[in-house]
Amino acid sequence: MNDTKPTESNSDAQPSETRKLRIRGSMPEGVAYPKTIKSFVRRAGRTTTGQTKAFEDLGPKFLLPYQASAIDFVAAYANSAGATGQNDANNRPIILEIGFGMGEATAHIAGVMPEKNFLCCEVHEPGVGALLKRIGEQNLTNIRIVAHDAVEVIDNMLPLQSLDGVHIFFPDPWHKKKHNKRRLIQAPLIAKLAARLKVGGYLHCATDWQPYAEQILEVLSAEPLLKNTAAPGDAELPGYAAKPHYRPLTKFENRGIKLGHGVWDVVFERV
């Protein structure tokens, strides 16, 4: 969600049912997909040769299977040496990212924040392959990917007050009013996320659709466990935050800016 959705084109692209089976098969037996609103809409896409190779070479280390029990963060990030070369998984902050598109911003942020570990949820298979490819190319060690619905990951894998931050960049805005109810950022999800943030942890959302930005600001403001970090009395962007230094200007965002689109960042803190 944080960058362009179209997949890489490649004449040797492989639709490969084996890739789909591999991701779906990561769910333990007896755990069914409930008939509830999901954090995603599965879009068609083709996995390129490079992405397929990344699945094969890097998937075993960086893909975490979905499980219906709390994640062991120390085990999940074992041997993830940071910039210091030290394996300090016990002490590293955990940042959850919901929907990373093709992984451009995710890889950038993980690179500029090597002292943090990132747990990234995405079901778009070419996007998962693209991020795995970036992990290999940029020699990143502090990312783990769960190719599963983020709502179920939050419900079943993340204990209360286990996160130091949450990133949700450019979620699907569902422009038509009749589809607004499908938007990800709604009160029930925000309540779940707030409960899983440590005191002092943050929730950072970004969108390029102003009506959605207004909804996000309203929903987060109504959550009693969160407070807005934006400077009060800012007449130019009331309630919205300046773009944090770690969030890069992606190709997707830059294209929108050139077309005259605005971008709104909303950053709240757990109290």
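The values are calculated or read from the model by the stated rules, or taken from the named source; none is laboratory data. Quantities reported herein were computed from a predicted structural model and do not represent experimental measurements. A quick note on method: Cβ atoms are made from the backbone with ideal geometry, for glycine too, and the neighbour counts reach across all protein chains shown. The protein model used for the area step is the full one, side chains on, heavy atoms only, and it has no ligands, DNA or RNA in it. Shrake-Rupley method; radii C 1.70, N 1.55, O 1.52, S 1.80 Å.
Each residue of the stretch 90-151 gets 72 Å³ once the volume of the Cα convex hull is shared out per residue. Using θ = phi - 60° in the Karplus curve 6.51 cos²θ - 1.76 cosθ + 1.60, the 3J(HN,Hα) couplings for the stretch 62-74 round to 9, 8, 9, x, 5, 9, 8, 8, 4, 6, 9, 5, 4 Hz; x is entered for Gly and Pro. Using only alpha carbons, the stretch 206-246 has a radius of gyration to Kirkwood radius ratio (Rg to Rh) of 0.95. Relative protection proxy for 190-197, 102-109, from highest mean packing down: 102-109, 190-197 (other beta-carbon atoms within 10 angstrom).
With a ≥ b ≥ c taken as the square roots of the eigenvalues of the C-alpha gyration tensor of the stretch 215-271, please select rounded if a/c is under 1.5 and otherwise prolate if a/b is larger than b/c or oblate if it is not? Judged from the Cα gyration tensor, the stretch 215-271 comes out prolate (a/c at least 1.5, a/b above b/c).
Fully extending the segment from Val271 to Asp155, taken as 0.36 nm per residue of separation minus the present Cα-Cα distance, adds 39.7 nm. Projection of the Cα convex hull of the stretch 49-152, averaged over all directions and equal to a quarter of that hull's surface, yields 6.0 nm². Under the convention that each Lys and Arg Cβ holds +1 and each Asp and Glu Cβ holds -1, the size of the dipole of the stretch 102-246 around its Cα centre is about 260 debye. Computing FRET efficiency as 1/(1 + (r/R0)^6) for Glu137 and Leu225, where r is the C-beta to C-beta distance and R0 is 51 Å, gives about 0.85. The slack in the chain from Lys243 to Ala76, taken as 0.36 nm per residue of separation less the alpha-carbon distance, amounts to 57.1 nm. Across the stretch 213-227, computed HN-Hα scalar couplings (Karplus, 6.51 cos²θ - 1.76 cosθ + 1.60, θ = phi - 60°) run 4, 5, 5, 4, 4, 5, 5, 5, 5, 7, 7, x, 7, 10, 9 Hz from first to last residue, x flagging Gly and Pro.
Subtracting the Cα-Cα distance of Arg46 and Asn180 from 0.36 nm times their residue separation leaves 45.4 nm of extension gain. Measuring nothing but how far apart in sequence close Cα pairs (under 8 Å, 6+ apart) lie, relative to its length, the stretch 160-241 scores a relative contact order of 33 percent. Ranking Ser162, Ser69 from most to least accessible surface, computed with a 1.4 Å probe over the protein chains only, gives Ser69, Ser162. Distant-in-sequence amide contacts of Arg46, defined by a placed amide H-H separation under 5 Å and a gap of 5 or more residues or a different chain, comprise nothing. Using the average count of surrounding beta-carbon atoms within 10 Å as a protection proxy, the listed peptides 251-258, 141-148 rank, highest first, as 141-148, 251-258.
For the stretch 119-219, the solvent-accessible area with a 1.4 angstrom probe is 35 square angstrom per residue.
Across the stretch 177-186, coupling constants 3J(HN,Hα) worked out from phi with the 6.51/-1.76/1.60 Karplus curve, θ = phi - 60°, read 4, 5, 9, 4, 5, 7, 4, 5, 7, 9 Hz, and Gly and Pro carry x. Here the accessible area is traced with a 1.4 Å probe on the protein chains. For the stretch 141-245, carbon and sulfur cover 56 percent of it. Model label sites at Arg255 and Asn91, defined 7 Å from Cα along the beta-carbon direction, differ in position by 4.3 nm. In terms of distances greater than 18 angstrom between alpha carbons, the cross-link table entries Lys53/Lys133; Lys53/Lys251; Lys181/Lys251 yield Lys53/Lys251; Lys181/Lys251. Taking only the C-alpha atoms of the stretch 126-230, the Rg (one decimal) and the largest Cα-Cα distance, Dmax (whole number), read 15.2, 44 Å.
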